[in-house]
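Structure first, commentary second.
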Amino acid sequence: MGTEYAKKAIVCGWVIALVAIAIVLNVSSIMGWVALIGLGLPPPIVMWRMWKQPATTLSESIRKELR
């Protein structure tokens, strides 16, 4: 599984979990949704920005040059 695919899957899972929590807690007010978004979205945003592509190994660089 590629890192980009993994990042997208984790962020989508997190957002789906937030919506499920909101439904279970019966969040109906605007302030409730604002609080849920304000507390729930920063972790996946930080993860998305800080999770970098792994560095290319020496053997990958050699294989790429030989092609």
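So how tilted is helix 30-40 from the main axis of the chain? Cα-based, degrees 0 to 90, rounded to 10.
Between the helix axis and the principal axis of the chain, the angle is about 30 degrees.
Between region 1-21 and region 33-57, what's the alpha-carbon centroid distance in Å?
10 Å
With angles folded into 0 to 90 degrees, how steeply does helix 3-24 sit against the dominant principal axis of the chain? Use alpha carbons for both and round to 10.
10 degrees
Using 0.36 nm per residue of separation minus the Cα-Cα distance, give me the extension gain between residue 30 and residue 45 in nm, one decimal.
Details: separation 15, 0.36 × 15 = 5.40 nm, distance 2.18 nm.
Full extension from residue 30 to residue 45 adds 3.2 nm.
Once phi is turned into ³J(HN,Hα) by the Karplus curve 6.51 cos²θ - 1.76 cosθ + 1.60 with θ = phi - 60°, what whole-Hz value does each residue of region 43-48 show in order, with x for glycine and proline?
Each residue's phi maps through the Karplus curve to give x, x, 5, 5, 4, 4 Hz.
Give me the Kirkwood hydrodynamic radius of region 3-66 in Å, from all C-alpha pairs, to one decimal place? Numbers along the way, then the final one.
Values: mean 1/r = 0.0701 Å⁻¹.
Over region 3-66, the inverse of the mean reciprocal pair distance is 14.3 Å.
Each value in this text was obtained by applying a stated rule to the coordinates, not by laboratory testing. Here the structure is a predicted model, which is why all the values come from computation and not from measurement.
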